[in-house]
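Below: one structure, written as C-alpha cells.
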Amino acid sequence: MTTTQYTAFTAPHYAASTVGNEILQRGGTAIEAMVAAAASIAVEYPHMNGLGGDGFWLISEPGKAPIAIDACGTAAALATPAFYEGKTAIPSRGGQAALTMAGAVAGWQKALDISAGWQSAMPLSELLETAISQASWGIEVTQSMSDASFKTYDELAHDEHFAPFLIKGKALKKGKIVKLTQLSATLQHLADKGLNDFYQGDIAHQLAADLEDAGSPIRLADFQQYQALQVSPLSVTTKLGKLYNLPAPTQGIASLIILALYDRVVHKGKTDADMVHLLIECTKQAFIKRNQFVTDPSRLSADFDSLLTDDALDEMAANIELESALPWPHEAKTGDTIWMGACDNQGRMVSYIQSLYWEFGSGVVSPQTGIVWNNRGTSFSLEPGHLQYLQPGMKPFHTLNPAFAELHDGRRISYGTMGGEGQPQTQAALFSRYAYHNQPLDKAISLGRWLLGRTWGDQSHNLKVERDVAEYVGDDLISRGHDMVVVDACNELMGHAGAVVLHPDHHTEAATDPRSDGKAFAQRFQPAAEA
C-alpha cells in the first residue's frame with residue numbers, strides 16, 4: 001500500500017508562498033521550492049530582503065541530523081577602520097553602509113547542490129520564472145512596503161538610483177504597481193548563466209562597479225572570493241525533543257537558551273501571565289549571554305555548546321523568579337527580514353531566512369542590476385577592543401536565525417520569524433504555545449505577542465505588549481516590575497512568524513502570521529499523472 005504524501009509551504013507574502021507550493025506540487029524538493037520562493041519574495045518584499053542580502057538555512061532529511069548553511073557576507077578587504085576615519089560609527093545608509101558581501105545567492109546555490117543529490121534537479125530557469133515575471137509585470141505595494149517607503153523617504157529618496165522604489169519621486173502608496181524591470185533582467189541573466197554569475201560573471205562586475213561608484217569599499221575581488229558555508233547547527237535537548245538553530249554569527253544560541261530555560265521553569269507557571277513573564281525572563285538570561293559572546297566565529301571566547309549544558313542552563317534558570325522581573329534594559333539589536341518554511345513529499349524540510357537588515361538595507365541600488373544592497377555591516381563597531389570591532393573578512397552579528405525541532409512524539413517543526421530582537425522571542429512564544437500548551441498552530445502564531453527590546457524600525461528597549469495581551473495579563477506584568485508599554489494588536493512590530501509541521505502519519509500543517517501578507521499551504525501531494 002502506498003503511503004499518502006503531503007507537502008507544506010509558508011511565507012510572509014502570498015505570492016512567494018504560492019510559487020513555493022507550486023514547485024512542491026510539481027515534485028520539486030523543499031530546497032527547490034525555497035529557492036523559487038526566495039527569488040519571488042526578493043521581488044515582492046524588496047524592502048525586507050533581496051539578492052543583495054544574506055541568508056541562513058536549516059535543512060532536514062528524515063532520519064538524518066539537520067544541516068545548516070551560513071550564507072552571510074563578510075566585510076570587504078577595504079572595509080577597515082581607516083576607511084571610516086573621522087567617524088565614530090559606521091553610517092547606516094549610503095555607500096559606506098554597504099560594506100559586507102551579499103551571501104544569499106551563494107546560499108541558494110549551496111542548497112541546490114544538496115538538493116541535486118536527492119533527485120534530478122529542476123532547471124534553474126523554472127525556479128526563477130515566476131520571480132522574473134513578477135518583477136517585469138510589476139508588484140502591488142503592500143501596507144508593509146508602503147510604511148517602509150514613507151519611513152525611509154527622507155533618507156533615501158535623494159539618490160537618483162533609488163528611483164525604482166518610488167513613484168514619480170514620491171513614497172509608495174498601498175495598492176500602487178511598481179515595475180522592477182532591471183531586477184527582472186538580472187534574474188533572467190542568472191537563470192541563463194547560473195547563480196555563480198553573481199560572484200564570478202557579468203553580474204559581479206556590474207555590482208562591483210556600481211558599489212564602488214556609490215562609495216562602498218566592496219570590490220570585484222570580494223565577490224570572487226566569497227563562498228557560502230555548510231556548518232553544523234547548534235542543538236539542545238529538552239523534555240519535548242531536540243531543538244536546532246544556527247551558530248555564530250547569528251543569535252541562534254539565544255533562541256535555544258530561551259526554550260531550554262523555559263523547559264526548566266514551565267512547571268512553575270499556572271496562568272497566562274506566568275507563561276508570558278517566564279518567557280520574558282528566559283529571554284533576558286539568553287540575551288545577556290548572547291551579548292557577551294556572539295561575534296564572528298573566529299573571535300568566539302566560548303564554545304556555544306558549553307552554554308547549552310545542564311549546568312550552564314541550571315545556573316541561568318536559578319536567576320529567574322516567578323513573581324519579579326529582572327531589571328532591564330541592555331544593548332538592543334535591530335533587524336528586518338523574512339522567514340519561510342517548507343516540507344516536500346519525501347518529508348524533507350527547510351527553515352530559511354533572508355534579509356537586507358534595515359528597510360531597503362543601505363539604500364544603495366545598483367543601477368545596472370536593480371539590486372538593493374544590505375547594510376548588515378552597520379553591526380560592526382569602530383571601537384578598538386569591541387566584540388564587533390570591524391576587520392576585513394569578519395562577519396557581523398546577525399539577528400537572523402531559522403529554527404527547527406524534532407519532538408519525541410515524532411513531529412518535526414520548521415519555524416521562524418522576522419523582527420530583530422523579536423526573532424528568538426516570537427520563536428519561543430509560538431513554539432511554547434504549540435508544543436507545551438497544545439494551542440492549534442495558527443492560534444499559536446496569531447495570538448497576541450510581546451517584544452522585549454528593539455525590533456526593526458524602533459529604538460526603545462522596554463517591553464512592548466500587544467493590546468490583546470495587555471488586556472488580560474498587563475496589570476499582572478506591571479505588578480512584577482516589567483517596564484511595559486502597550487502597542488496596537490496584530491502589530492507588524494512583532495514580526496512575521498510562520499511554521500510548518502510534519503506529523504508521524506505524514507500529514508502536514510502550515511500557518512502564517514496575520515501580521516504579514518502571507519499564505520500557508522498544507523495539502524496532499526498529487527503527482528502530475530493524478531492531478
Matching residues in region 105-127 - criterion: being open to solvent by less than 10 Å² (accessible area, probe 1.4 Å) and either in contact with a helix residue (DSSP H, G or I) (Cβ under 7 Å, 6 or more places away or on another chain) or of a type in the set (Ser, Thr, Tyr) (or both): VAL105, TRP108, ALA111, SER115, LEU127
Name the residue, out of LEU278, LEU313, LEU307, LEU326, that is open to solvent by 40 Å² or more (accessible area, probe 1.4 Å), farther than 17 Å from GLY420 by Cα and of a type in the set (A, V, I, L, M). LEU326
Pairs where the first residue, in region 282-306, is in contact (Cβ under 8 Å) with a residue 24 or more places away in the chain and over 13 Å from LEU256 (Cβ atoms) and the second is assigned to a helix (DSSP H, G or I) and acidic (Asp, Glu), C-beta under 7 Å, 6+ apart: none
Out of all the residues in region 323-341, is one or more in contact with an Asp or Glu (Cβ under 7 Å, 6 or more places away or on another chain), part of a strand (DSSP E or B) and among the polar types (S, T, N, Q)? no
So LYS64 fits all but one of (1) in contact (Cβ under 8 Å) with a residue 60 or more places away in the chain; (2) open to solvent by 60 Å² or more (accessible area, probe 1.4 Å); (3) not small (Gly, Ala, Ser); what number is the exception? (1)
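So how many residues does region 128-141 have that are under 27 Å from GLU492 (Cα atoms) and open to solvent by 10 Å² or more (accessible area, probe 1.4 Å)?
4
Could you tell me whether ALA209 is more than 26 Å from the chain's Cα centre (by Cα), exposed (fewer than 15 other Cβ atoms within 10 Å of the Cβ) and either of a type outside the set (Phe, Trp, Tyr) or in a strand (DSSP E or B) (or both)?
Values: more than 26 Å from the chain's Cα centre (by Cα): yes; exposed (fewer than 15 other Cβ atoms within 10 Å of the Cβ): no; either of a type outside the set (Phe, Trp, Tyr) or in a strand (DSSP E or B) (or both): yes.
No.
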I'm checking my understanding of the structure. Among residues of region 398-412 that are open to solvent by less than 10 Å² (accessible area, probe 1.4 Å) and assigned to a loop (DSSP other than H, G, I, E, B), which one is nearest to PHE380 (Cα to Cα)? THR399
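Among the residues of region 68-82, is any closer than 28 Å to GLY518 by Cα, in contact (Cβ under 8 Å) with a residue 60 or more places away in the chain and in a helix (DSSP H, G or I)?
We begin by selecting, within region 68-82, every residue closer than 28 Å to GLY518 by Cα; these are 68-73.
Still in the list and also in contact (Cβ under 8 Å) with a residue 60 or more places away in the chain: 68-73.
Next, only the ones that are in a helix (DSSP H, G or I) stay: none.
Within region 68-82 (the criterion being closer than 28 Å to GLY518 by Cα, in contact (Cβ under 8 Å) with a residue 60 or more places away in the chain and in a helix (DSSP H, G or I)), the answer is no, since none of the residues qualifies.
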Residues located in region 370-389, provided they are surrounded by fewer than 24 Cβ atoms within 10 Å (Cβ to Cβ) and part of a loop (DSSP other than H, G, I, E, B): LEU382, GLU383, PRO384, GLY385, HIS386, LEU387, GLN388
Looking across region 489-526 at residues that are assigned to a strand (DSSP E or B) and touching a Lys or Arg at 6+ places or on another chain (Cβ under 7 Å), the single one that is least open to solvent (accessible area, probe 1.4 Å) is VAL501
Touching an Asp or Glu at 6+ places or on another chain (Cβ under 9 Å), at pLDDT 95 or above and of a type in the set (Asp, Glu): does that describe GLU212? no
Counted residues, region 214-263 - those being part of a loop (DSSP other than H, G, I, E, B) and either over 18 Å from LEU78 (Cα atoms) or not hydrophobic (A, V, I, L, M, F, W, C) (or both): 17
Return the residues of region 266-315 that are within 22 Å of the chain's Cα centre (by Cα), hydroxyl-bearing (Ser, Thr, Tyr) and either at pLDDT 95 or above or part of a helix (DSSP H, G or I) (or both); say none if nothing qualifies. THR283
Determine, yes or no, whether THR88 is buried (at least 20 other Cβ atoms within 10 Å of the Cβ), hydroxyl-bearing (Ser, Thr, Tyr) and outside any helix (DSSP H, G or I). no
Identify the residue in region 413-438 that is hydroxyl-bearing (Ser, Thr, Tyr) and over 11 Å from the mean Cα position of the chain (by Cα) and, among all such residues, is surrounded by the fewest Cβ atoms within 10 Å (Cβ to Cβ). TYR436
Failed criterion for GLY53 (all others in (1) under 30 Å from LEU183 (Cα atoms); (2) under 19 Å from the mean Cα position of the chain (by Cα); (3) open to solvent by 10 Å² or more (accessible area, probe 1.4 Å); (4) not hydroxyl-bearing (Ser, Thr, Tyr) hold): (3)
Residues that are among the aliphatic types (A, V, I, L, M), assigned to a helix (DSSP H, G or I) and out of contact with any strand residue (DSSP E or B) (no Cβ under 7 Å at 6 or more places or on another chain), drawn from region 17-62: VAL19, ILE23, VAL35, ALA36, ALA39, ALA42
Reported set for region 1-45 where residues are touching a Phe, Trp or Tyr at 6+ places or on another chain (Cβ under 9 Å), among the aromatic types (Phe, Trp, Tyr) and surrounded by fewer than 24 Cβ atoms within 10 Å (Cβ to Cβ) is TYR6
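The values are calculated or read from the model by the stated rules, or taken from the named source; none is laboratory data. The structure presented is a predicted model; accordingly, all values stated were derived computationally and were not measured. Glycine gets a Cβ as well: all are built from the backbone with ideal geometry, and neighbour counts include every protein chain shown. With ligands, DNA and RNA removed, areas are computed over all heavy atoms of the protein, side chains included. Shrake-Rupley method; radii C 1.70, N 1.55, O 1.52, S 1.80 Å.
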